[in-house]
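Student: Following this message is one structure expressed as structure tokens.
The values are calculated or read from the model by the stated rules, or taken from the named source; none is laboratory data. Values in this document were obtained by computation on a predicted structure and should not be read as measured data. Note: ideal-geometry Cβ built from the backbone for every residue, glycine included; neighbour counts use all protein chains shown. For the accessible areas, the whole protein counts, side chains as well, though only heavy atoms, and no ligand, DNA or RNA atoms are used. Shrake-Rupley method; radii C 1.70, N 1.55, O 1.52, S 1.80 Å.
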Amino acid sequence: MLVLKFGGSSVGSAGALERVAGILTSAERSGRVRVVVVSALNGITDGLIAAARKAAAGDGSYAEDAAAMKERHLDLARSLTSGEPFSLCASWTESVFSDLGRILDGVSVVRELSARILDYVMSFGERLSAYLLTQILSCRGYPAEYLDSRELIRSDRNYGAAAFLPEASYALIRAHFEARRSLQVAAGFIASTEDGATTTLGRGGSDLSAAIYGAALDAEAIEIWTDVDGILTADPRLVKNAFKIDSISYIETMELSHFGAKVLYPPTVRPALEKGIPIRILNTFKPGEGTLISADAPESPWPIRGISSLSNVTLIRLQGSGMVGVAGFSSRLFGALARRGISVILITQSSSEYSICFAVEPPAAYSAAAALMEEFDREIGSRLIEAPIVEPGLSIIAVVGSRMKSRSGISGRVFYALGRNGVNIVAIAQGSSELNISAVISRQDEAKAVNAIHEAFFLAGVRSVNLFLVGIGLIGGTLVDQIASHREILADEQHIRINLTGVANSRGMIFDADGLDPGTVKGLLKGPPRGAAQGAGEDAGPEVLPFEIGEFIGRMKALNLPNTAFCDCSSGADVAERYAEILAAAIPVVTPNKKANSSSLEYYRTLTGFSRERGIPYLYETTVCAGLPVISTLRDLAYSGDRVRRIEAVLSGTLSFIFNNFDGSRSFSELVREARSKGYTEPDPRDDLNAMDAARKALILARECGMSLEFEAVAIEPLLPAACFEAAGVESFFEELKKSDALFEERRRKAAAGGKALRYVAVIEDGSATIRLREEAPGSPFRSLVDADNIVVITTDRYSKLPMVIKGPGAGAEVTAGGVFADIVRIARTLV
């Protein structure tokens, strides 16, 4: 024998009610269902409450609201019934709304709405839907009888959240069903006191009604039909890749329901648990196996069963030395709350007994604080304890699962996932049963926290990064292309997902929390900023906003996505100046932009300190020598105890190309023109020939070796005479440069006479950094350079006789973007 319950969404429309009738009359269930419990049509209970409150406030529009609700029920009756069933339904509806109108009129006259009257008003919703379904089934020839649950379910007088009385209720239910064989269509949610006053069992109480009937009748199973596939691993509104739990124990279900899982009303489980009756959660609109709740649920294949959250709680903390070692203190505290009828959601106390805190629903917070002020007036007055501290705007996340018991590493993984995403924990609680780890966090971090934990446990083999990218010029644009071409391979082979969530160039910026298509973002940002509705219809893409770095960072923070990373592929200082703000928000930074690490030493130390002290990745491998592993190598040498004695390097691809090819066959100025034509220089070659870029790289390497240098301390030998830099334009510059060809040629010939060649080399040694043009003998590693190669020669305590040499392309969009991409993947790998 089965007991079925259908929620508000399952009876909220003609199509939904048709499905319900089909389920009840199906061959699988026909004849096996003794009672079906229904909720009010979706939105009706809220409408009844609103109408009652309007009446109490003297707002006459309550009558219009009631008329609209009546018409909705009559419309459904017209659509789904005919003949006598329709006549009965229409007459019933008119009678019930006439009764409701008199009650609301009375409330309007006295301007008072008691909890008892509100319960009576709310009872109309379930009574109407149950009678409507009864007539729908009758119209289809299926024998059914309307059942007013107030006649059978007895409760106490706690209006709004009455507790049912098992013995009295079970006896009345059994007696009623002994005399009947037809299907009973029962109004859920409602009960009555011994003297006949209408009560309600709390929001979601229709679930409990079904469990009460099931327990009284020793049902084979209780089926709860709703609009989701079952109990999911997390709230799908917060976690898009949440999935159905096939089976779960009673205790795990109660833990998840208590902390916010809304599929099942928490008290529902207890009557079924006491009788050992399984509960199955099913989807009215997508029939399937659903979720089975039972005593002997198979062990979860994952370390946890699910994650739930309460999205708005208030924490109240009481603390002071007067609590330490005082017997009965907790009893007084919770007794004071109980006398005011305040329910406590979570409790935690420090082992020192210096403080105790508990969570309550926000409407009860200040009443709770007042109760404690009253109870501990003497202790607060004598400063033995402090006045209660009220912290609103919080959420509770709960990680639940029977496999957590006696299993190490679960809490570590939970708190690592939260800490890695910058989620601050206000309070923690774990019961001795080890079924639940709960953490109180800021409400604004709820979605990020649940997603982070869900990924850590249920997608442990998959690591994702929500990437925000500024700069899609040569390097950034190439990076976007590389992501587009490789992200599917990365996901399939390495289980790493790169979600491009925000992108900006100097003109505009676009965002999409679900992920942007890397194949289209460059095209979207080509034109001026535009609204989402502009362009070619639905394919116009997301709204393109005017770019401003502060606004970009603000939106990135506001989205508050888990595993967020920021990538700066611009070359400007205005973005680099914001890295500290981004890292302070626990968002990793990846960049090839040298401006931050070559600015003040204090700022460099601030940025690198986030990685060293807080574990927030700050990756800048590509700031020196593009994709060559120079910085990571220096870091590994230091970590392993080696000491760098000297670094010699060619750090400019432009200058490398020029001097690698300066063999007397062409003048110096001709080589500079060729370098420009090949794209090795900036549009104005002076931006490379002033050696500022190479100096910044040298400074970064020096700082990576532990030297406390400012940029001004880097000694730069000027390559060009001042007149070249003072020239009005690029062509004027080349005219001035041509005048210096003879000087460069003379210096080249002098070196060649001794079998040497010119190279522009940075030297970092003994706490100093210099860059100068020097002569290299045959056999020098700097003579082996080809085209625009970079080279870094590292002499250390271990690499003293034969220095370490790192050589290869030190510039170019492909290799630089590839290095940035590799750093992004490194961030993903830190998420395990």
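Student: Tally the residues that are on the phi > 0 side of the Ramachandran plot, of a type outside the set (A, V, I, L, M) and touching a residue at least 60 places away in the same chain (Cβ under 8 Å), restricting the search to segment 666-715.
Tutor: The total comes to 1.
Student: Only residues that are more than 21 Å from the chain's Cα centre (by Cα) and either on the phi > 0 side of the Ramachandran plot or free of Cβ contacts under 8 Å to residues at least 60 places away in the same chain (or both): list them for segment 567-590, please.
Tutor: Within segment 567-590, G572, A573, D574, A576, E577, R578, Y579, A580 meet the criteria.
Student: Return a yes/no flag: does segment 697-707 have any residue that is open to solvent by 20 Å² or more (accessible area, probe 1.4 Å) and either more than 30 Å from L634 (Cα to Cα) or touching a helix residue (DSSP H, G or I) at 6+ places or on another chain (Cβ under 7 Å) (or both).
Tutor: Among the residues of segment 697-707, at least one is open to solvent by 20 Å² or more (accessible area, probe 1.4 Å) and either more than 30 Å from L634 (Cα to Cα) or touching a helix residue (DSSP H, G or I) at 6+ places or on another chain (Cβ under 7 Å) (or both), which makes the answer yes.
Student: Name the single residue, out of those in segment 615-660 being open to solvent by 30 Å² or more (accessible area, probe 1.4 Å) and free of Cβ contacts under 8 Å to residues at least 60 places away in the same chain, that is nearest to L773 (Cα to Cα).
Tutor: Restricting to residues being open to solvent by 30 Å² or more (accessible area, probe 1.4 Å) and free of Cβ contacts under 8 Å to residues at least 60 places away in the same chain, the top hit is S632.
Student: A further question on this structure: If E712 satisfies all but one of (1) farther than 30 Å from R749 by Cβ; (2) under 43 Å from the mean Cα position of the chain (by Cα); (3) outside any loop (DSSP other than H, G, I, E, B), what's the number of the condition it fails?
Tutor: (2)
Student: Continuing with the same structure: Being under 19 Å from I190 (Cα atoms), β-branched (V, I, T) and either at pLDDT below 95 or open to solvent by less than 50 Å² (accessible area, probe 1.4 Å) (or both) narrows it down to one residue among V3, V20; which is it?
Tutor: Just a single option satisfies the conditions, and that option is V3.
Student: Which ones in segment 416-442 are in a helix (DSSP H, G or I) and crowded, with 17+ Cβ neighbours inside 10 Å?
Tutor: Y416, A417, L418, R420
Student: Same structure again: Kindly indicate which of L74, L113, L100, L41 is part of a loop (DSSP other than H, G, I, E, B), open to solvent by less than 30 Å² (accessible area, probe 1.4 Å) and of a type outside the set (V, I, T).
Tutor: L41
Student: Just wondering, is there one or more residues in segment 200-221 that are within 28 Å of the chain's Cα centre (by Cα), open to solvent by 10 Å² or more (accessible area, probe 1.4 Å), modelled with pLDDT under 90 and among the small types (G, A, S)?
Tutor: Yes, some residue in segment 200-221 is within 28 Å of the chain's Cα centre (by Cα), open to solvent by 10 Å² or more (accessible area, probe 1.4 Å), modelled with pLDDT under 90 and among the small types (G, A, S).
Student: Oh, and also: What are the residues in segment 639-648 that are at pLDDT 95 or above and either touching a helix residue (DSSP H, G or I) at 6+ places or on another chain (Cβ under 7 Å) or in a helix (DSSP H, G or I) (or both), if any?
Tutor: Scanning segment 639-648 gives V644, I647.
Student: Can you work out which of the residues in segment 237-265 that are touching a Phe, Trp or Tyr at 6+ places or on another chain (Cβ under 9 Å) and at pLDDT below 90 is farthest from I212 (Cα to Cα)?
Tutor: N241
Student: Another question about this same structure. Looking at segment 135-164 only, could you name the residues that are buried (at least 16 other Cβ atoms within 10 Å of the Cβ), among the hydrophobic types (A, V, I, L, M, F, W, C) and out of contact with any Phe, Trp or Tyr (no Cβ under 6 Å at 6 or more places or on another chain)?
Tutor: I136, L137, C139, A144, L147, L152, A161, A162, F164
Student: Shifting gears a bit: How many residues are open to solvent by 40 Å² or more (accessible area, probe 1.4 Å) and either within 12 Å of L655 (Cβ to Cβ) or in contact (Cβ under 8 Å) with a residue 12 or more places away in the chain (or both) if we restrict to segment 778-799?
Tutor: So the count comes out to 9.
Student: Cβ-Cβ distance below 7 Å, separation of 6 or more or different chains: which pairs start in segment 601-614 with a residue that is under 13 Å from P588 (Cα atoms) and end on one that is open to solvent by less than 40 Å² (accessible area, probe 1.4 Å) and among the hydroxyl-bearing types (S, T, Y)?
Tutor: Every condition considered, the pairs that remain are L607/Y579; L607/Y618; T608/Y618; F610/Y618; S611/Y618.
Residue-wise test of (1) in contact with a helix residue (DSSP H, G or I) (Cβ under 8 Å, 6 or more places away or on another chain); (2) surrounded by fewer than 19 Cβ atoms within 10 Å (Cβ to Cβ).
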residue	(1), (2)
I277	yes, no
L282	no, no
K286	no, yes
T291	no, no
E299	yes, yes
I304	yes, no
S308	yes, no
I316	yes, no
S321	no, yes
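Student: So for segment 332-340 (the condition being surrounded by fewer than 17 Cβ atoms within 10 Å (Cβ to Cβ), at pLDDT below 90 and out of contact with any helix residue (DSSP H, G or I) (no Cβ under 8 Å at 6 or more places or on another chain)), does at least one residue qualify?
Tutor: Checking segment 332-340: not a single residue is surrounded by fewer than 17 Cβ atoms within 10 Å (Cβ to Cβ), at pLDDT below 90 and out of contact with any helix residue (DSSP H, G or I) (no Cβ under 8 Å at 6 or more places or on another chain).
Student: Which of the residues belonging to segment 575-614 are buried (at least 16 other Cβ atoms within 10 Å of the Cβ) and charged (D, E, K, R)?
Tutor: Across segment 575-614, the qualifying residues are R578, K594, K595.
Student: If you don't mind, another one. Within segment 241-251, can one find any residue that is farther than 26 Å from V344 by Cα and among the acidic types (D, E)?
Tutor: yes
Student: Sticking with this structure for a sec: Applying the selection to segment 1-38, what residues are in a loop (DSSP other than H, G, I, E, B), among the hydroxyl-bearing types (S, T, Y) and within 39 Å of the chain's Cα centre (by Cα)?
Tutor: Of everything in segment 1-38, just one residue is in a loop (DSSP other than H, G, I, E, B), among the hydroxyl-bearing types (S, T, Y) and within 39 Å of the chain's Cα centre (by Cα), namely S13.
Student: Being of a type in the set (A, V, I, L, M, F, W, C) and in a loop (DSSP other than H, G, I, E, B), is that true of even one residue in segment 667-679?
Tutor: no
Student: I need every pair where a residue in segment 72-91 that is within 18 Å of V11 (Cβ to Cβ) has its Cβ under 8 Å from the Cβ of a residue that is surrounded by fewer than 18 Cβ atoms within 10 Å (Cβ to Cβ) and among the hydroxyl-bearing types (S, T, Y), sequence separation at least 6 or different chains.
Tutor: Listed by first residue and then by second, the contacts come to L76/S13.
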